[in-house]
Amino acid sequence: QVQLVESGGGLAQAGDSLRLSCAASGRTSSQYNLGWFRQAPGKERELVARFSRVGGSTYYADSVKGRFTISRDNAKNTVYLQMNSLKPEDTAVYYCAARSGLSWEYWGQGTQVTVSS
């Protein structure tokens, strides 16, 4: 079992950058696939970025490709989402998640990101 706690959200203007952090505790996360989701009110939760199962390859939603970067610091048990060139459409609650199999099993509490024009 893994506990995930997000931080780094807040208010930004279009074009700004933010870096979200997700601190993992409890069971080591090394065997888990990690990713970032987001959900805006009235919309379904969507996968924003994730690490590939093996090899460090990454996936990004089309809407954030070229702007967002997922990374991790294993020594700190922390995963990051660097968000550049923010747009108002990026406004959402962002969640860190982890899975050991097919399903995303563990979730953080979420952190609000609001981007104004």
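Where in the range 1-20 is the amide nitrogen less than 18 Å from a point lying 7 Å along the Cα-to-Cβ axis of K76? In the range 1-20, the label zone of K76 (backbone N under 18 Å from the point 7 Å along Cα→Cβ) covers 3-10, 17-20. Overall, the ratio between the Cα radius of gyration of the chain and 2.2 N^0.38 Å, rounded to two decimals, is 0.99.
Taking a ≥ b ≥ c as the square roots of the eigenvalues of the Cα gyration tensor, the range 41-96 is prolate, since a/c reaches 1.5 or more and a/b is larger than b/c. Of the residues E46, E6, ranked by 1.4 Å probe accessible area with the largest first, the sequence reads E46, E6.
Surface composition of the chain: carbon plus sulfur atoms hold 46% of the accessible area, using a 1.4 angstrom probe and ignoring ligands, DNA and RNA.
Solvent-accessible area per residue in the chain equals 54 Å², computed with a 1.4 angstrom probe and all protein chains kept.
The values are calculated or read from the model by the stated rules, or taken from the named source; none is laboratory data. Only a predicted model underlies this, so the values are computations on that prediction, with no experimental measurement involved. Methodologically, a virtual Cβ is constructed for each residue, glycine included, from the backbone with ideal geometry; neighbour enumeration extends over all protein chains shown. The accessibility values were calculated without ligands, DNA or RNA, using every heavy atom of the protein model including side chains. Shrake-Rupley method; radii C 1.70, N 1.55, O 1.52, S 1.80 Å.
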